[in-house]
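Presented below is the structure to which this report refers.
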Amino acid sequence: MAATQGLGPVKREPAAVVIANRLTEAVMDGTLEPGRQLAEAELAGQLGVSRGPLREAMQRLVQQGILRSEPHRGVFVASLTDDDVRDIYLSRTAIEVAACRLVIGNDPGRTADRLTGPLRAMAAAAERGDRAALAAADMELHKTLVAESGSPRLRRMAETLFVETRMCLSALTVGYSAPIDLVDEHAAIIDALRNGDERTLVGLLEEHMGDAVRRLTPGRPAPQLPADARPV
């Protein structure tokens, strides 16, 4: 039989990458809660891996800020301070505003259509009172928005921020006495995007991010983007 041309070997991800992804998911869904110390031997046994790639995976996550390493103490799941939350949302605002501008200049109607799926999932979760599903759908909507920008660098910058956001997003959904309000905020953002209204879209997105910071860090003002970074 003649060899099939053009096919290469299947690429396998290094074990450390797979382990890092598993640990990241556990941090995002709360299985590994903030402040928890990670015991290498216990984790290696639970994951069925050797300690070498586990250490490498943990070091990756330390570099990303998802875990923290303390000399002579060990590795812990990061705990987000109020300043961390403000910085996360300030950074997300800058990235997502840039993504919105790229989308507006390309095919905003297509992107709006692609955001309706996560929005419907948010609405269904809000209706049944499933705050975990609401948080997951919320995050999926924002990931889709950034992905639709077509910028691989915006996507890369957003990845760690989205993980850090998931670490506090459950607390955010609790801050809404009526979770449908969170759905309505996203619906308004999608409407502005579909209409190609950049000024309204950016304003709604900035207000949405600022409101999240206010709910997560009550008592202190949310940071603002510099005036020259806002739409004119």
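So here's what we get for this one:
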| quantity | calculated |
| --- | --- |
| Cα shape, the stretch 19-142, gyration tensor, a/c 1.5 rule | prolate |
| Exposure proxy ranking, count of Cβ atoms within 10 Å, fewest first, for 77, 17, 103 | 17, 77, 103 |
| Residues 156, 86, sorted so that the one with the fewest Cβ neighbours within 10 Å comes first | 156, 86 |
| Long-range HN-HN contacts of residue 67 with modeled amide H, under 5 Å | 62, 78 |
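Any read-out appearing in this document is the output of simple, stated calculations on the displayed coordinates, not a laboratory observation. Everything numeric here is computed off the predicted structure, so don't read it as measured data. Note: ideal-geometry Cβ built from the backbone for every residue, glycine included; neighbour counts use all protein chains shown.
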